[in-house]
Amino acid sequence: MIRILLVDDHAGFRAGLRALLSAAEGIEVADEAASGEQALALVGRAQPDVVLMDLTMPGMGGVAATERLTRDHPHVRVVVLSMSDDDDSVFAAMRAGARGYVLKGARKAELVRSVQAAAEGEAIFSPAIAARMTAYFAERERSEPALPELTRREREILALVAEHLTNPQIAARLGLSQKTVRNHVSAVFAKLQVADRAQAIMRAREAGL
């Protein structure tokens, strides 16, 4: 039996959620809280496996309550159940330790699955939230430069090394002294932990330079 603690400041919403979840096999609503402070006070007595946590409540909000709860009761899984679907809310909840994020208005099957998944130690997200997270990380990956450990100038020089240019040719191309180019090439080798130009060229091609 999965024990649930409901945390939301709207009594009517809690009542509807209790009725919905209580009708699901294998789920028991252990208690309810109307605020983050009340949730922290009840969790020891209620002994929930999963906490369904609203974010926006008077007093201690859901993010702060999640952070405290997951720190003091690491065995308890928190799933945020909120109207807020903006990136700031989602990632604040994840940083606080939430195991999932489900939007209010989700169908019964989605809510039940989120509770079951969290109890099993899985992370669970509403489809819309999962799609936005995927897009967010894909955009971050695209915006991050290849080989971020290198400076812009070092990446530029590595790209020319990958074109099989010699140090004098690179110096002429970029208007630098040969000594400066040698220093940059040495720095590239050290940062990439390669021994020679052939290995550096291989790393450059792997990175798409």
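The numbers here are math on the coordinates, done by the rules we state, and not lab data. This structure is a prediction, so every number in the text was calculated from the model and none was measured. FYI the Cβ positions are ideal-geometry reconstructions off the backbone, even for glycines, and counts take in every protein chain you see.
Can you order the peptides 171-182, 62-73 by their average number of other Cβ atoms within 10 Å per residue, highest first?
Going by the mean number of other Cβ atoms within 10 Å, highest first, we get 62-73, 171-182.
Against the main long axis of the alpha-carbon atoms of the chain, helix 11-22 sits at an angle near 90°.
Of all the options Arg132, Arg18, Arg45, the one that moves most in a Gaussian network model of the chain with Cα springs shorter than 10 angstrom is Arg45.
Gain on full extension, evaluated as 0.36 nm per residue between Lys191 and Met60 minus their Cα-Cα distance, stands at 42.6 nm. The simple Förster model, with R0 at 25 Å and r as the Cβ-Cβ distance, assigns Arg95 and Leu20 a FRET efficiency of 0.30. About its Cα centre, the dipole of the chain is roughly 940 debye, where the only charges are +1 on Lys and Arg Cβ and -1 on Asp and Glu Cβ. Note on the chain: Rg/Rh from C-alpha atoms, Kirkwood Rh, equals 1.28.
Ranked by the mean number of other Cβ atoms within 10 Å of their residues, highest first, the peptides 111-118, 25-32 fall in the order 111-118, 25-32.
Could you work out the local net charge near Phe13, counting Lys and Arg as +1, Asp and Glu as -1, over the other residues with Cβ closer than 11 Å to its Cβ? Can you show the working numbers first?
Details: positive: Arg14, Arg18, Lys104; negative: Asp8, Asp9, Glu32, Asp54.
Local net charge: -1.
Taking amide H positions as modeled 1.01 Å from N, with prolines and chain starts lacking one, the residues under 5 Å from Ala33 and 5 or more places away or on another chain are Leu6, Val7, Asp8.
With both partners inside the stretch 1-154, how many of the DSSP beta bridges are antiparallel, as a percent to the nearest 5?
0 percent
Evaluating kT/(6 pi eta Rh) at 20 °C and 1.002 mPa s, with the Kirkwood radius of the stretch 152-206 over Cα pairs in the Stokes-Einstein relation, gives 198 µm² s⁻¹.
Please work out the ratio of the alpha-carbon Rg of the stretch 1-53 to 2.2 N^0.38 Å and round it to two decimals. Walk me through the numbers before you get to the answer.
Values: Rg = 10.2 Å, N = 53, 2.2 N^0.38 = 9.9 Å.
Rounded to two decimals, the normalised Rg is 1.02.
When the stretch 152-206 is described by a simple charge dipole with +1 on each Lys and Arg Cβ and -1 on each Asp and Glu Cβ, the residue from Leu165, Phe189, Ala200 located farthest towards its positive end is Phe189. Take every pair of alpha-carbon atoms less than 8 Å apart whose residues are at least six positions apart; their mean separation over the length of the chain yields a relative contact order of 13 percent. Extending 7 Å from Cα along the Cβ direction at Gln47 and again at Asp86 yields two label points whose distance is 4.1 nm.
The residue among Val90, Ala117, Gln47 whose Cα reaches farthest toward the positive pole of the charge dipole of the stretch 1-159, with charges on the beta-carbon of Lys, Arg, Asp and Glu, is Ala117.
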